[in-house]
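The values are calculated or read from the model by the stated rules, or taken from the named source; none is laboratory data. Everything numeric here is computed off the predicted structure, so don't read it as measured data. Counting neighbours? That spans all protein chains shown, and the Cβs are built from the backbone with ideal geometry, glycine included.
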């Protein structure tokens, strides 16, 4: 097996360890558009990283974190619509990012790689970042599992149980931002939400508990990523669309079998 394909496979197996649990919480809380909005904001982070000559993953993560925290704080104010904030953040960041990239002096940017992912060009450094973030996400969810779940199921009940709902909402926003920024390199900004939501939606049909749903979503994601890599290798197809398409087919099949 070529080295670049092995690195891509390892990265593809690591990524669901963080996208599956975050995707499950996003699905439970009906936050699908949050992931999409944050994925768009990473273009501004990409532009800032290029302008300031910073590590691109770091700059994208910082912008996603700033936007996620800002939206979480503003959303707690009265007369503020979360849908409006997300739409403004997503499209404003996308426009500003594209403008900043267009003004870059003598810089060539692979926007197609950013928009649709670049899984086959992962490096050992990328693997290290993915592994570190995955461990951090899993450790955070395990430590805050009870308050996260209570806040997701019933915010009032969580408050009565002593959960600080504002802090938990802020924590989840931060975790989503980190996962989106780091995973964008794999499937791109346009398909990021599909990697988060589709496996979780498929897993929910077969799961009887939150924990089993997360584990099933991890497995579905890993199978989809390995299948997408196989399609790309044997049929010369783009990786990210192949992954997302397989995940979508899996979702359709799960819905069909659930009607029986």
ask   = What's the number of the condition residue 103 fails, among (1) out of contact with any helix residue (DSSP H, G or I) (no Cβ under 6 Å at 6 or more places or on another chain); (2) buried (at least 18 other Cβ atoms within 10 Å of the Cβ); (3) over 18 Å from residue 71 (Cα atoms)?
value = (2)
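Would you kindly identify the helices (runs of 4 or more DSSP H) lying entirely within the range 140-191 that contain at least 2 residues that are closer than 21 Å to residue 74 by Cα and under 16 Å from the mean Cα position of the chain (by Cα)?
165-187
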message = Given the criteria more than 15 Å from residue 17 (Cβ to Cβ) and assigned to a loop (DSSP other than H, G, I, E, B), does residue 237 qualify?
response = yes
Residue identified as within 23 Å of residue 256 (Cβ to Cβ) and part of a loop (DSSP other than H, G, I, E, B) among 208, 204 = 208
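Could you pull out the residue among 35, 49 that is under 15 Å from residue 93 (Cβ atoms), touching a helix residue (DSSP H, G or I) at 6+ places or on another chain (Cβ under 8 Å) and without any contact (Cβ under 8 Å) to a residue 12 or more places away in the chain? Full working, then the answer.
Numbers: 35 fails: without any contact (Cβ under 8 Å) to a residue 12 or more places away in the chain.
Going through 35, 49 in turn, the sole match is 49.
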ask   = If we keep just the residues of the range 50-81 that are at pLDDT 85 or above, over 20 Å from the mean Cα position of the chain (by Cα) and assigned to a helix (DSSP H, G or I), which is farthest from residue 98 (Cα to Cα)?
value = 52
ask   = Yes or no: residue 58 surrounded by fewer than 19 Cβ atoms within 10 Å (Cβ to Cβ), at negative phi and out of contact with any strand residue (DSSP E or B) (no Cβ under 7 Å at 6 or more places or on another chain)?
value = yes
ask   = Here are some residues: 15, 19, 41. Which one is surrounded by 16 or more Cβ atoms within 10 Å (Cβ to Cβ), at pLDDT below 90 and touching a helix residue (DSSP H, G or I) at 6+ places or on another chain (Cβ under 9 Å)?
value = 41
task = Answer yes or no as to whether residue 187 is within 25 Å of residue 155 (Cα to Cα) and surrounded by 18 or more Cβ atoms within 10 Å (Cβ to Cβ).
result = no
